[in-house]
Amino acid sequence: MRLDVVTIFPEYLDPLRHALLGKAIEQGILTVGVHDLRGWATDVHKSVDDSPYGGGPGMVMKPEVWGPALDDVAAGTTEGQVLESSLPHLDKPRHDDVEGVTARAYDAGEDSDLPLLIVPTPAGKPFTQADAQAWSNEEHIVFACGRYEGIDQRVVDDAAQRYRVREVSIGDYVLIGGEVAVLVIAEAIVRLIPGVLGNRRSHEEDSFSDGLLEGPSYTKPRVWRGLEVPPVLFSGNHALVDRWRRDQALLRTQAVRPELLNHVALTPQDQAVLDSGR
Ligand code: ADE
């Protein structure tokens, strides 16, 4: 998979070189190019924004700068600064490596002859785990980071000729710009590429993958500061442990995000657990 990020703050994207994403870069299954938007600015001041038509506060990012930037990145005629992994760990097994899970990029889906353009904006559609799953199959994703009051809408409209365009929000709050949203979205996508997160099971059990929030997890020691690990986890009875985990997930979801339960297929046993938790 190749990710390209167009931004006026290239250094903001440095975290993409670390941890699991750094490992994916080392393994050759991920390439990240970061592009400074000002490289496409044409005036002496390298300006990328201007005052909004119709008045109002803030500045809007200019179409004459964004248009050529997105054209060049789509065409692959500009490499940008290609990020190198921060940590060489190819020859060391990681704690989450599991035998038999080979790192590989997904095959491109059928309709992916155009790259995907993701434009993070608080006015976008909410980004979900299902999007992350679908987009982990992409070959080429380009992120356009807007700042200030956003990007001239014609940039997004015009980009649809060269890209499949998605305007997405990572939550109901306003960030200064799209860079941090790109970190969030890129991490959610890349960790789902087979072999990037060594243990395939661990993302099958993620919060949201079955529509429920994940319940609590425990490790050694058995008793810590007087608090005990739930005894069922030592029972060695996998069916019992799985049932307990599902119960915990149901109860946590009911307490914290009850609206999610409307989209989950509940068995009579699930329903009984929920009733007992009310
Ligand atoms: N840019 C500013 N705020 C944002 C948000 N909540 N989601 C995505 N991009 C953004």
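Given the options Leu70, Val184, Gln161, identify the residue whose Cα lies farthest towards the positive end of the charge dipole of the chain (+1 on Cβ of Lys, Arg; -1 on Cβ of Asp, Glu).
Val184
When ranked by the protection proxy of mean other Cβ atoms within 10 Å per residue, highest first, what sequence do the peptides 255-267, 35-47, 18-30, 51-63 form?
18-30, 35-47, 51-63, 255-267
What's the extension gain from Asp172 to Thr42 if we count 0.36 nm per residue and subtract their Cα-Cα distance?
43.3 nm
Each residue of segment 54-66 in turn: what ³J(HN,Hα) in whole Hz from Karplus with 6.51, -1.76, 1.60 and θ = phi - 60°, glycine and Pro shown as x?
Along segment 54-66, the couplings run x, x, x, x, x, 10, 10, 6, 6, x, 5, 8, 5 Hz.
Can you order the peptides 222-229, 125-132, 159-166 by their average number of other Cβ atoms within 10 Å per residue, highest first?
Result, highest mean first: 159-166, 125-132, 222-229.
Using the Karplus equation 6.51 cos²θ - 1.76 cosθ + 1.60 (θ = phi - 60°), what ³J(HN,Hα) coupling, rounded to whole Hz, does each residue of segment 237-247 give in order, writing x for Gly and Pro?
These are the phi-based 3J(HN,Hα) values: 9, 4, 5, 5, 5, 4, 5, 4, 5, 5, 4 Hz.
Please list the non-local residues whose amide H lies under 5 Å from the amide H of His140, H modeled 1.01 Å from N, same-chain partners needing a gap of 5 or more.
Counting only residues 5 or more places away or on other chains, the set is Arg2, Leu116.
Got a number for carbon plus sulfur as a percent of the chain's accessible area, 1.4 Å probe?
Accessible surface attributable to carbon and sulfur in the chain totals 53 percent.
Can you give me the Cα centroid spacing of segment 8-34 and segment 152-197 in angstrom?
If we compute the Cα centre of each part, the gap is 15 Å.
If you stretched the chain out fully between Asp50 and Ser235, how much longer would it get, using 0.36 nm times the residue separation minus the C-alpha to C-alpha distance?
Stretched fully, the Asp50-Ser235 segment lengthens by 60.1 nm.
Enter the accessible area per residue of the chain (Å², integer; probe 1.4 Å; all protein chains in place).
About 56 Å² of surface per residue is accessible.
For Asp49, list long-range residues whose amide hydrogen, built 1.01 Å from N in the peptide plane, is under 5 Å from its own amide hydrogen.
Lys62
For the chain, state the semi-axes of the equivalent ellipsoid (square roots of 5 times the eigenvalues of the alpha-carbon gyration tensor), sorted largest first and rounded to whole angstrom.
Values for the chain, descending: 40, 23, 17 Å.
Apply the Karplus parameterisation 6.51 cos²θ - 1.76 cosθ + 1.60, with θ equal to phi minus 60°, to every residue of segment 135-141 and state each ³J(HN,Hα) to the nearest whole Hz, in sequence, with x for glycine and proline.
6, 5, 8, 6, 8, 9, 10
The values are calculated or read from the model by the stated rules, or taken from the named source; none is laboratory data. Computed from a predicted model, the values in this text were never measured in an experiment. Glycine gets a Cβ as well: all are built from the backbone with ideal geometry, and neighbour counts include every protein chain shown. Side chains included, ligands, DNA and RNA excluded: accessible areas come from the protein's heavy atoms. Shrake-Rupley method; radii C 1.70, N 1.55, O 1.52, S 1.80 Å.
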